[in-house]
Amino acid sequence: MSASFHINIAIVGAGPVGLYVAALLRRAGCRVIMLEQRPELPAESRAIGIHPPSHGLLRAIGVADDLWRRGVETRCARVFWQGKPLIALPLVESPDDMGIYLIPQHHTTAALAECAGHVQYSSRLVACELLADSVRIRWDSPEGQRQATCDWLLACDGNRSTIRDLCGISFQGIDYPDYYIMGDFADNAPGEKDAAVWLGTAGLLESFPLGGGWRRYVAKTASWIPQPTPRQVADCVLARSGHLPATDRVRMVSSFQPHGRFAEHFRQGRVVLLGDAAHIVSPIGGQGMNLGWINAHDFVQALLRDPSATALAEWERSARRRAWIARRRGAFNMWLGRRSLPTLRYLLLNAMLRTPLRSRFVTAFTMRDLAKLSV
């Protein structure tokens, strides 16, 4: 084992939240070490939506312009009921507002990695010990086992967080009774920037432009499909929208079941849980990655401004409240996409989208109000 050393902050997990917080801390002059157990950044296209509250956060670390060039800004969502147009829903409140940027996650992580600094890949944390005013960590690396102490240990290592388990922090929640398949297909209308949502008795279908000639489809299914095929996704798209995407140019297909879980607490001594290590919400609505960035940003601001226990407890209260709101909204979004109670869902949709309530719905859907809960 190599000799121990001391660092200001250790970050475990080089996903979107870990990379973002590393960039933010390094810009503030902190000495940071970043560990990632995978050998490289994954080339995956999972989270795609960057909501308005995240625009300023990304601009502050210098990656916004690069990301906007790689993605598509959608300013309108076309909503259909039983295959017929219901409303074209603006996602902006004024012409000067920015909409939701849709960017495959591997582009987002690549841009963040450029300003996050050095990442130690193939490095797996195996132990952490909470001390009076620091944390001792030990990890396996390609050069052998290493150890260090750090003022703060930030767990950005996802919903199966090793740090959370090592600290004995429970992660309770529910598995929603909803199943989805999704895929990225060649876009037959590459100039179309609107998102589209089909609702009704057939179940939810979502369609999002990704730029570069690609489009993401997400479809609710009646049961779990462990290994969906491009044809299964395309058949769902055809049945609910009347459009059949070509299955000869498909970049990815997968399935998922949403979950809603929260760590018992987000902070234990000098260990702080961020992103999916702290909370997971339904991906229907695209809140998870943005929620992680907002809570991470507020933690860093609290840490730099006043790292007292009182100030960090206030941060945790705000972060938990924000996460609970996002969880409820994700559950509501899934309910709207189910097949049951079609009359009630139709009446509620009309009440939300065709009355003055529409402005509040758009504000909530684009997460603009969650940013106002900052400490």
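The values are calculated or read from the model by the stated rules, or taken from the named source; none is laboratory data. All values derive from a computational prediction rather than experimental measurement. In this analysis, Cβ positions are derived from the backbone assuming ideal geometry, glycine residues included, and neighbour counts consider all displayed protein chains. Please note that ligands, DNA and RNA were not included when accessible areas were found on the heavy atoms of the full protein model with its side chains. Shrake-Rupley method; radii C 1.70, N 1.55, O 1.52, S 1.80 Å.
Key figures for this structure:
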{"item": "Full-extension gain in nm, W224 to A28, via 0.36 nm per residue minus C-alpha separation", "result": "66.0 nm"}
{"item": "Rounded to 10°, Cα long-axis angle of helix 342-353 versus longest principal axis of the chain", "result": "70 degrees"}
{"item": "The range 178-185 - phi-based ³J(HN,Hα) in whole Hz, Karplus 6.51/-1.76/1.60, Gly and Pro as x", "result": "10, 9, 9, 10, 8, x, 9, 10"}
{"item": "16 Å cut-off, amide nitrogen to a point 7 angstrom out along L344 Cα→Cβ, residues in the range 189-216", "result": "200-201"}
{"item": "Quarter of the Cα convex hull surface for the range 129-224, i.e. its orientation-mean projected area (nm²)", "result": "11.4 nm²"}
{"item": "Between the range 80-126 and the range 274-320, the Cα center-to-center distance that results, in Å", "result": "18 Å"}
{"item": "Overall form of the range 1-61 per C-alpha gyration tensor (a/c, 1.5; a/b vs b/c)", "result": "oblate"}
{"item": "Computed [θ] at 222 nm, helices only, for the chain once each DSSP H run of length n ≥ 4 contributes -39500 (n - 2.57)", "result": "-10500 deg cm²/dmol"}
{"item": "Cα gyration tensor shape of the range 194-245, rounded if a/c is under 1.5, else prolate or oblate by comparing a/b with b/c", "result": "oblate"}
{"item": "Ranked by how many other beta carbons lie within 10 Å on average, peptides 357-364, 180-187 from highest", "result": "180-187, 357-364"}
{"item": "For the range 245-253, 3J(HN,Hα) per residue [Karplus equation, 6.51 cos²θ - 1.76 cosθ + 1.60, θ = phi - 60°, Hz, x = Gly/Pro]", "result": "x, 5, 9, 8, 10, 10, 8, 6, 9"}
{"item": "Contour minus Cα-Cα distance for R38 and F5 (0.36 nm per residue)", "result": "9.6 nm"}
{"item": "Label-point separation in nm, R59 to R249, each point 7 Å along Cα→Cβ", "result": "3.4 nm"}
{"item": "Probe 1.4 Å - accessible area at R317, Å² to nearest ten", "result": "140 Å²"}
{"item": "Rounded to 10°, Cα long-axis angle of helix 309-336 versus longest principal axis of the chain", "result": "20 degrees"}
{"item": "Estimated FRET transfer efficiency when R0 is 41 angstrom, pair D235-Q145 (beta carbons, to 0.05)", "result": "0.20"}
{"item": "On Cα atoms only, tilt of 16-27 relative to the major axis of the chain in degrees", "result": "50 degrees"}
{"item": "Estimated vicinal HN-Hα couplings, Hz - the range 269-274 in sequence order (Karplus 6.51, -1.76, 1.60; Gly, Pro = x)", "result": "x, 9, 9, 10, 8, 10"}
{"item": "Whether the range 330-375 is rounded, prolate or oblate, judged on the alpha carbon gyration tensor where a/c under 1.5 counts as rounded", "result": "oblate"}
